[in-house]
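Worksheet: the structure to be examined is printed underneath.
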Amino acid sequence: MKDIPVDVGLIYEGERIRKSSMYVDLAGPKSKGAELLLVVPPEEVEDGRVEVVGPDVDQMEEGGRYPFGILIKVAGEKLEEDLEGVFERKLHYFCNYIQGFMHLNSRDIIWCRISKDAAKKGLKLEHVGKVLVNLYKSEFDVIEKIQVTFYTDEKAVDEHIARAREVYEKRDARASAIKDEDVDVFYSCLLCQSFAPTHVCAITPSRSGGCGAVTWFEGRAAVKVDPSGPIGEIPKGEVIDPVKGEYSGINEYVREKSNGTIERVYLHSLFDYPHTSCGCFEAIAFYIPEVDGIGIVHRDFHGVTPFGIPFSTMAGQVGGGVQSQGFLGISIAYLRSPKFLQGDGGWRRVVWMPAQLKERVRSAIPEEMYEKIATENEAQDLESLRSFLEQKQHPVLEGLKREEEKEAPEEEPAATMPELTVPVQATAAGAPVEFTITFKNARIYAEKVIIRRKE
Amino acid sequence: MIVAVSGKGGTGKTVIAALLVRCFTGMGREVLAIDADPDSNLAEALGVEVERTLGEIREEMLAKMESLPPGVSWRTTLEYETHRAIVEAEDFDLLSMGRPEGQGCYCAVNHVLRQIIDTLAENYEVVVIDTEAGLEHLSRRTTQSVDVMLVVTDTSKRGITTALRIKELAEELSIGFRKLAVVINRATPETEGRLQEYAEELGLEVAGVVPEDAQVRELDLRGEPLLKLSEDSPAARAVCGIARKVMELGA
């Protein structure tokens, strides 16, 4: 790159600058710092400008440690605030392309180093800024204007960190609200196929992998850094059942990657086509037919479930990449999902879980259900479970499933028809006819039913 | 170049690994030492202190994953924590793998950790890994490609047969290694020749023979780092010979 005293290129990615060859430490575990990228109106950006608030490299002491902040403002007609996070993550890669510049992590836990060699060649933050302007613009056409500011003055860094944290918080609040229906791409993880060859983990905003390690956001990040790795993209396809969570894209993908063994998958149900279970799931949701309810047990619980068996025994029966009716390996995070087993009634169907787990996910359990769910302290077997549920008037006693369907959220009806008009002849041959219409096992949701006389 | 030093417990493999680190730094090489044997202590032998092991970081990571904000990836956090855990000594860096994992799923974390360590290793001219005989760390967490695998044996026939077993095990665990060679430790004039012959009969290359050394014994006894060993001690000289041989084997 012109006017830059060091090389810039992909080959410098992953460069660790050792202490003995380090000129300065910026931010890092023993100091502080933050990076932030903002999408702003075009009049607030002076295109190509690089500013350093505080000392630049040539004014820094060799072997020194400085607080460090990066602020990037971008503008462009097609830019949206939602892209800030995606662009900001690129900083890590772009900075690392610079020879003699090390960049680790993101947000307000960054750590940078400049090597002695680079400092000797005259590398300054000013140059780093120019490289960033150049790389951002060449990688993203939508960025029309970009301005970079570095902070190395302690007070300025403190202010920058405070502002950055406010933005992170707002961004996270927006991201946490994302649901399966808000995205077009899901992710898959095939890491567990080494021991569960037909297990294809489908990862959506409302369902993280059973191990708890791969969320939808993590999947998105993984695909970007390791495109040929075990995590891949699943095109969502058509929505087949929004309540149980069936998508044509997932079905096709799973069918292919399980070598045709698994045909269909419901993301949010224990029945018919439950998601396969790997073996390293954090918890198991299991159907208890005797009370028509669902129990949950997690790996850290060493006691027995109301079935009389502990987690380990159940895990052995459930895992391995098969679909087990009434059993599902899940992550703890899934208990917090707004779609948690919604195909089976969600929390209103849950009857038992270990006390420790119940406490851990307390905020996710609807208030009116909290007291109605038994733990090992109240129920150690099916008999004590049944009497607890009766005493607490648990909804499963009333045939909960039907109730849930009636209450299904409006945007997620079990079946929809834009209009259902039933022509009824009130008379036959001039004589009134009595008739009845019976719907059996029907799952129909209608916002309004209009019956009109035939004109 | 990645050198893994393995062998049964008690063969003095950590001593050899520590001396190798010293020889390589003496040759002006940039060295990363990886302590991947929870039962020994390479850091102590090298006279440095470890604040945090990767094992601890991994546990913290798993515990914290659930609460990480959606805009923060644990991958980059893990990379940052790994760099942070590196002990930066005067002329080498050291990373300690720590204890083996507990229950639960480590597939995803270990997968990423291996990538991080592989990338990190490329920054050094020489990486010396002190690994347990079971090679568990190598296969699951550290790296799957080793240039030279050194198996340290004591002066028993059984020690040399262990080298064969480690070779088979490495192949089974699909750990790629280009060369495997035996280091005969604490050899005496009476045992040396016969052991070398035996190794050759089994088709094993001998990287070198390290003689029984009173200075090493004394430092060990006092619990002092082996870096204090004087450069002209017979053991140190022998290991530097091995280091040169390793450079040839790995070239």
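The values are calculated or read from the model by the stated rules, or taken from the named source; none is laboratory data. Given the structure is predicted, the values throughout are model-derived calculations rather than measurements. Glycine gets a Cβ as well: all are built from the backbone with ideal geometry, and neighbour counts include every protein chain shown. Areas reflect the complete protein model, heavy atoms only, side chains present, ligands, DNA and RNA absent. Shrake-Rupley method; radii C 1.70, N 1.55, O 1.52, S 1.80 Å.
Could you list, in sequence order, the residues of region A:223-240 that are part of a loop (DSSP other than H, G, I, E, B) and either away from every other protein chain (no Cβ under 14 Å) or closer than 20 Å to B:Met65 by Cα (or both)?
If the condition is that a residue be part of a loop (DSSP other than H, G, I, E, B) and either away from every other protein chain (no Cβ under 14 Å) or closer than 20 Å to B:Met65 by Cα (or both), then A:Asp226, A:Pro230, A:Lys236, A:Gly237, A:Glu238 are the ones that fit.
Just the residues that are hydrophobic (A, V, I, L, M, F, W, C) and open to solvent by 40 Å² or more (accessible area, probe 1.4 Å), please, taken from region A:192-216.
A:Phe195
Here are the criteria: (1) in contact with a helix residue (DSSP H, G or I) (Cβ under 9 Å, 6 or more places away or on another chain); (2) modelled with pLDDT of 90 or more. Tell me which single one B:Val146 does not satisfy.
All conditions pass for B:Val146, except number (2).
Here are the criteria: (1) open to solvent by 20 Å² or more (accessible area, probe 1.4 Å); (2) in a loop (DSSP other than H, G, I, E, B); (3) within 11 Å of another protein chain (Cβ to nearest Cβ). Tell me which single one A:Val167 does not satisfy.
(2)
Please list, ordered by first then second residue, the pairs with beta carbon atoms under 7 Å, 6 or more apart or interchain, first in region A:41-70 and under 14 Å from A:His127 (Cβ atoms) and open to solvent by less than 60 Å² (accessible area, probe 1.4 Å), second part of a loop (DSSP other than H, G, I, E, B) and among the aliphatic types (A, V, I, L, M).
A:Val57/A:Leu123
Residues that are within 14 Å of chain B (Cβ to nearest Cβ) and of a type in the set (A, V, I, L, M, F, W, C): list the strands (runs of 3 or more DSSP E) wholly contained in region A:51-130 that include at least 2 such residues.
Those strands (runs of 3 or more DSSP E) span A:101-104, A:111-115.
Could you check region A:319-337 and list, in sequence order, the residues that are part of a loop (DSSP other than H, G, I, E, B) and either without any contact (Cβ under 8 Å) to a residue 12 or more places away in the chain or open to solvent by less than 10 Å² (accessible area, probe 1.4 Å) (or both)?
Correct list: A:Gly321, A:Gly326, A:Ser331, A:Ile332.
Which of the residues that make up region B:26-43 are open to solvent by 30 Å² or more (accessible area, probe 1.4 Å) and either in contact with a helix residue (DSSP H, G or I) (Cβ under 7 Å, 6 or more places away or on another chain) or more than 14 Å from chain A (Cβ to nearest Cβ) (or both)?
Across region B:26-43, the qualifying residues are B:Gly26, B:Met27, B:Pro38, B:Asp39, B:Ser40, B:Asn41.
Which condition breaks for A:Cys189 when tested against (1) more than 8 Å from chain B (Cβ to nearest Cβ); (2) closer than 27 Å to A:Gly321 by Cβ; (3) touching a strand residue (DSSP E or B) at 6+ places or on another chain (Cβ under 7 Å)?
Status for A:Cys189: all satisfied but (1).
Could you tell me which residue of region B:90-133 is surrounded by the fewest Cβ atoms within 10 Å (Cβ to Cβ), considering only residues that are among the acidic types (Asp, Glu) and more than 12 Å from every other protein chain (Cβ to nearest Cβ)?
B:Glu132
Could you grab me the full set of residues in region A:155-213 that are more than 27 Å from B:Asn110 (Cβ to Cβ) and of a type in the set (Lys, Arg)?
A:Lys155, A:Arg163, A:Arg165, A:Lys170, A:Arg171, A:Arg174, A:Lys179
Could you list, in sequence order, the residues of region A:54-89 that are of a type in the set (A, V, I, L, M, F, W, C) and either under 29 Å from B:Ser73 (Cα atoms) or not assigned by TED's automatic domain parsing to the domain that holds A:Lys32 (or both)?
Listed by number, the residues that qualify are A:Phe68, A:Ile70, A:Leu71, A:Ile72, A:Val74, A:Ala75, A:Leu79, A:Leu83, A:Val86, A:Phe87.
Can you tell me how many residues within region B:60-89 are facing another protein chain (nearest Cβ under 9 Å) and assigned to a strand (DSSP E or B)?
1
Each row is one residue, and each column tells you yes or no for (1) more than 21 Å from the chain's Cα centre (by Cα); (2) modelled with pLDDT under 95.
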| residue | (1), (2) |
| --- | --- |
| A:Thr204 | no, no |
| A:Thr215 | no, yes |
| A:Glu218 | no, yes |
| A:Asp226 | no, yes |
| A:Pro235 | no, no |
| A:Asn259 | yes, yes |
| A:Glu282 | no, yes |
| A:Gly295 | yes, no |
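Are any residues in region A:280-318 open to solvent by less than 30 Å² (accessible area, probe 1.4 Å), within 14 Å of chain B (Cβ to nearest Cβ) and in a loop (DSSP other than H, G, I, E, B), and if so, which ones?
Residues satisfying the conditions are A:Cys280, A:Phe281, A:Phe301.
Could we say that A:Arg16 is charged (D, E, K, R) and open to solvent by 20 Å² or more (accessible area, probe 1.4 Å) here?
no
Taking interchain pairs and intrachain pairs at least six residues apart, which have beta carbon atoms under 9 angstrom, with the first residue in region B:184-203 and outside any loop (DSSP other than H, G, I, E, B) and the second open to solvent by less than 40 Å² (accessible area, probe 1.4 Å) and of a type in the set (Lys, Arg)?
Filtered contacts from region B:184-203: B:Asn185/B:Lys13.
Is it fair to say B:Arg22 is within 13 Å of chain A (Cβ to nearest Cβ) and basic (Lys, Arg)?
no
Would you please list the contacts, defined by Cβ atoms under 9 Å and residues six or more apart or on different chains, that run from a residue in region A:246-270 that is without any contact (Cβ under 8 Å) to a residue 40 or more places away in the chain to a residue that is outside any helix (DSSP H, G or I) and of a type in the set (Lys, Arg)?
As it stands, the answer is A:Glu246/A:Arg264; A:Ser248/A:Lys236; A:Asn251/A:Arg264; A:Arg255/A:Arg264, since those pairs meet every condition given.
Just the residues that are at pLDDT below 95 and hydroxyl-bearing (Ser, Thr, Tyr), please, taken from region A:151-186.
Within region A:151-186, A:Tyr168, A:Ser176 qualify.
Inside region A:297-335, can you point out the residues that are closer than 16 Å to A:Gly210 by Cα, of a type in the set (A, V, I, L, M, F, W, C) and out of contact with any helix residue (DSSP H, G or I) (no Cβ under 7 Å at 6 or more places or on another chain)?
A:Phe311, A:Met314, A:Ala315, A:Val318, A:Val322, A:Leu328, A:Ile330 - these are the residues of region A:297-335 that are closer than 16 Å to A:Gly210 by Cα, of a type in the set (A, V, I, L, M, F, W, C) and out of contact with any helix residue (DSSP H, G or I) (no Cβ under 7 Å at 6 or more places or on another chain).
In this structure, is A:Arg220 open to solvent by 40 Å² or more (accessible area, probe 1.4 Å), without any contact (Cβ under 8 Å) to a residue 12 or more places away in the chain and either in contact with a strand residue (DSSP E or B) (Cβ under 9 Å, 6 or more places away or on another chain) or not in a loop (DSSP other than H, G, I, E, B) (or both)?
no
With the condition kept exactly as written, say whether any residue in region B:87-102 is closer than 29 Å to A:Thr215 by Cα, in contact (Cβ under 8 Å) with a residue 40 or more places away in the chain and of a type in the set (Val, Ile, Thr).
no
Considering only residues of region A:153-164 that are aliphatic (A, V, I, L, M) and in contact (Cβ under 8 Å) with a residue 40 or more places away in the chain, which is surrounded by the fewest Cβ atoms within 10 Å (Cβ to Cβ)?
Here the answer is A:Ala156.
Of the residues in region A:108-129, how many are surrounded by 20 or more Cβ atoms within 10 Å (Cβ to Cβ) and of a type outside the set (Val, Ile, Thr)?
11
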